[in-house]
Amino acid sequence: MAADTAAPACIFCEIIAGRAPAYRVYEDDATVAFLDIFPFTRGHLLVVPRRHVDRITDLDPSEYPGFLATVAEMCRRVDRLSRHYNVALNQGALAGQIVFHLHLHLIPRYGETNPFLAPHRERLTDMEAAAVLRDLHAGSAG
Ligand code: AMP
Ligand code: ZN
(Lines give C-alpha, C1' and ligand atoms only; values in the text may rest on other atoms or scores of the structure.)
(Ligands and ions follow the chains in the order given, each with its own letter.)
Protein backbone atom coordinates (compact mmCIF):
# COMPACT_ATOMS: atom_id res chain seq x y z
CA MET A 1 0.00 0.00 0.00
CA ALA A 2 1.42 3.42 -0.87
CA ALA A 3 2.47 5.47 2.13
CA ASP A 4 -0.06 8.20 1.41
CA THR A 5 -2.96 5.73 1.45
CA ALA A 6 -1.78 3.77 4.51
CA ALA A 7 -3.99 3.85 7.57
CA PRO A 8 -2.60 6.29 10.11
CA ALA A 9 -0.43 4.50 12.64
CA CYS A 10 -2.16 3.68 15.90
CA ILE A 11 0.03 4.50 18.88
CA PHE A 12 -1.67 1.87 21.05
CA CYS A 13 -1.12 -0.84 18.39
CA GLU A 14 2.53 0.25 18.37
CA ILE A 15 2.70 -0.13 22.17
CA ILE A 16 0.95 -3.52 22.05
CA ALA A 17 3.41 -4.72 19.40
CA GLY A 18 6.34 -3.49 21.52
CA ARG A 19 7.43 -0.97 18.89
CA ALA A 20 6.60 2.03 21.08
CA PRO A 21 7.58 2.35 24.74
CA ALA A 22 5.08 2.08 27.56
CA TYR A 23 5.06 1.38 31.27
CA ARG A 24 3.21 -1.93 31.16
CA VAL A 25 1.23 -2.95 34.19
CA TYR A 26 -0.23 -6.19 32.87
CA GLU A 27 -0.74 -8.20 29.69
CA ASP A 28 -2.34 -11.42 28.55
CA ASP A 29 -3.38 -12.96 25.23
CA ALA A 30 -6.22 -10.52 24.68
CA THR A 31 -5.42 -7.35 26.60
CA VAL A 32 -2.66 -4.99 27.73
CA ALA A 33 -2.68 -2.41 30.52
CA PHE A 34 -0.15 0.41 30.76
CA LEU A 35 0.27 3.70 32.57
CA ASP A 36 -1.18 6.81 30.95
CA ILE A 37 1.75 8.97 29.87
CA PHE A 38 -0.05 12.17 30.98
CA PRO A 39 -1.76 10.89 34.13
CA PHE A 40 -4.72 12.68 35.66
CA THR A 41 -3.65 11.24 39.01
CA ARG A 42 -0.96 8.92 40.35
CA GLY A 43 -1.59 5.43 38.97
CA HIS A 44 -3.83 6.47 36.06
CA LEU A 45 -3.72 3.53 33.67
CA LEU A 46 -5.34 2.36 30.45
CA VAL A 47 -6.72 -1.07 29.55
CA VAL A 48 -6.79 -1.95 25.84
CA PRO A 49 -7.71 -4.98 23.78
CA ARG A 50 -4.79 -6.24 21.70
CA ARG A 51 -7.03 -6.31 18.66
CA HIS A 52 -7.44 -2.86 17.14
CA VAL A 53 -11.02 -1.70 17.49
CA ASP A 54 -12.07 1.90 17.89
CA ARG A 55 -15.47 1.50 19.48
CA ILE A 56 -16.64 -0.68 22.36
CA THR A 57 -19.48 -1.79 20.11
CA ASP A 58 -16.83 -3.19 17.70
CA LEU A 59 -15.74 -5.77 20.27
CA ASP A 60 -17.04 -9.25 19.61
CA PRO A 61 -19.16 -10.47 22.54
CA SER A 62 -16.66 -13.32 22.94
CA GLU A 63 -14.09 -10.64 23.84
CA TYR A 64 -16.17 -9.12 26.65
CA PRO A 65 -15.15 -11.54 29.44
CA GLY A 66 -11.41 -11.23 28.83
CA PHE A 67 -11.59 -7.46 28.61
CA LEU A 68 -13.68 -7.11 31.75
CA ALA A 69 -11.49 -9.59 33.62
CA THR A 70 -8.46 -7.38 32.94
CA VAL A 71 -10.36 -4.26 34.00
CA ALA A 72 -11.33 -5.98 37.26
CA GLU A 73 -7.78 -7.19 37.85
CA MET A 74 -6.48 -3.66 37.29
CA CYS A 75 -9.07 -2.37 39.76
CA ARG A 76 -7.66 -4.81 42.30
CA ARG A 77 -4.17 -3.43 41.64
CA VAL A 78 -5.38 0.15 41.91
CA ASP A 79 -7.01 -0.70 45.25
CA ARG A 80 -3.43 -0.73 46.56
CA LEU A 81 -3.21 2.98 45.77
CA SER A 82 -6.77 4.04 46.52
CA ARG A 83 -10.15 2.37 46.98
CA HIS A 84 -11.68 5.29 45.07
CA TYR A 85 -11.36 5.43 41.30
CA ASN A 86 -13.14 6.20 38.04
CA VAL A 87 -13.39 3.74 35.16
CA ALA A 88 -14.03 5.83 32.07
CA LEU A 89 -14.51 5.50 28.34
CA ASN A 90 -14.27 8.54 26.08
CA GLN A 91 -16.02 7.32 22.95
CA GLY A 92 -15.94 9.65 19.96
CA ALA A 93 -14.17 12.96 19.42
CA LEU A 94 -17.03 14.96 20.92
CA ALA A 95 -16.65 12.93 24.11
CA GLY A 96 -12.95 13.76 24.27
CA GLN A 97 -11.53 10.68 22.57
CA ILE A 98 -8.11 11.41 21.07
CA VAL A 99 -6.74 7.88 20.58
CA PHE A 100 -9.05 5.81 18.42
CA HIS A 101 -8.11 2.40 19.80
CA LEU A 102 -10.57 1.31 22.46
CA HIS A 103 -9.26 1.98 25.97
CA LEU A 104 -10.79 2.23 29.41
CA HIS A 105 -9.21 4.73 31.77
CA LEU A 106 -8.74 3.68 35.37
CA ILE A 107 -8.15 6.82 37.42
CA PRO A 108 -7.43 6.51 41.15
CA ARG A 109 -8.86 9.29 43.31
CA TYR A 110 -7.26 10.77 46.39
CA GLY A 111 -9.70 13.45 47.46
CA GLU A 112 -9.61 15.99 44.66
CA THR A 113 -12.21 18.70 45.26
CA ASN A 114 -13.89 17.92 41.95
CA PRO A 115 -12.77 14.72 40.24
CA PHE A 116 -14.46 15.83 37.01
CA LEU A 117 -12.27 18.89 36.58
CA ALA A 118 -9.23 18.04 34.45
CA PRO A 119 -6.09 18.85 36.45
CA HIS A 120 -2.86 20.15 34.97
CA ARG A 121 -1.18 17.02 33.63
CA GLU A 122 2.55 16.46 33.48
CA ARG A 123 4.33 13.80 31.49
CA LEU A 124 5.13 10.74 33.56
CA THR A 125 8.84 10.42 34.39
CA ASP A 126 10.74 7.12 34.44
CA MET A 127 11.30 7.49 38.16
CA GLU A 128 7.66 8.16 39.00
CA ALA A 129 6.49 5.35 36.70
CA ALA A 130 8.84 2.89 38.41
CA ALA A 131 7.49 3.90 41.82
CA VAL A 132 3.87 3.57 40.68
CA LEU A 133 4.53 0.16 39.12
CA ARG A 134 6.16 -0.98 42.36
CA ASP A 135 3.11 0.08 44.34
CA LEU A 136 0.66 -1.49 41.86
CA HIS A 137 2.54 -4.79 42.00
CA ALA A 138 3.26 -4.79 45.71
CA GLY A 139 2.45 -8.15 47.21
CA SER A 140 1.60 -9.84 43.89
CA ALA A 141 3.44 -12.35 41.79
CA GLY A 142 3.01 -10.53 38.50
P1 AMP B 1 -8.75 9.59 25.27
O2 AMP B 1 -8.59 9.14 23.82
O3 AMP B 1 -9.06 11.03 25.42
O4 AMP B 1 -9.69 8.70 26.04
O5 AMP B 1 -7.37 9.42 26.00
C6 AMP B 1 -6.21 8.96 25.43
C7 AMP B 1 -5.21 8.86 26.55
O8 AMP B 1 -4.06 8.20 26.04
C9 AMP B 1 -4.75 10.20 27.12
O10 AMP B 1 -5.02 10.24 28.51
C11 AMP B 1 -3.25 10.23 26.81
O12 AMP B 1 -2.49 10.84 27.84
C13 AMP B 1 -2.94 8.75 26.65
N14 AMP B 1 -1.80 8.46 25.79
C15 AMP B 1 -1.57 8.93 24.55
N16 AMP B 1 -0.44 8.43 24.04
C17 AMP B 1 0.05 7.60 25.00
C18 AMP B 1 1.23 6.79 25.09
N19 AMP B 1 2.11 6.71 24.10
N20 AMP B 1 1.42 6.06 26.22
C21 AMP B 1 0.53 6.14 27.24
N22 AMP B 1 -0.58 6.88 27.21
C23 AMP B 1 -0.81 7.61 26.12
ZN1 ZN C 1 -4.71 0.32 17.48
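The values are calculated or read from the model by the stated rules, or taken from the named source; none is laboratory data. No experiment lies behind these values; they were computed from the predicted model shown. Note: ideal-geometry Cβ built from the backbone for every residue, glycine included; neighbour counts use all protein chains shown.
Figures for the structure shown
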| quantity | calculated |
| --- | --- |
| Checking F116 against (1) at pLDDT below 95; (2) in contact with a helix residue (DSSP H, G or I) (Cβ under 9 Å, 6 or more places away or on another chain), the condition it does not meet | (2) |
| Qualifying positions in segment 1-10 - away from ligand 1 (no atom under 11 Å from the Cβ) and either at pLDDT 90 or above or part of a loop (DSSP other than H, G, I, E, B) (or both) | M1, A2, A6, A7, P8, A9 |
| The listed residue being free of Cβ contacts under 8 Å to residues at least 12 places away in the same chain and aliphatic (A, V, I, L, M), out of L102, L68 | L68 |
| Subset tally (residues that are assigned to a loop (DSSP other than H, G, I, E, B), closer than 15 Å to V132 by Cβ and within 16 Å of ligand 2 (Cβ to nearest atom)) for segment 11-35 | 1 |
| Inter-residue pairs, beta-carbon under 6 Å, first farther than 20 Å from G18 by Cα and in segment 39-56, second part of a strand (DSSP E or B), 6+ apart | F40/I107; T41/I107; T41/P108; G43/P108; H44/I107 |
| Flag if C75 is buried (at least 16 other Cβ atoms within 10 Å of the Cβ) and not in a loop (DSSP other than H, G, I, E, B) | no |
| Those residues of segment 98-134 which are surrounded by 15 or more Cβ atoms within 10 Å (Cβ to Cβ) and over 17 Å from the mean Cα position of the chain (by Cα), in sequence order | P115 |
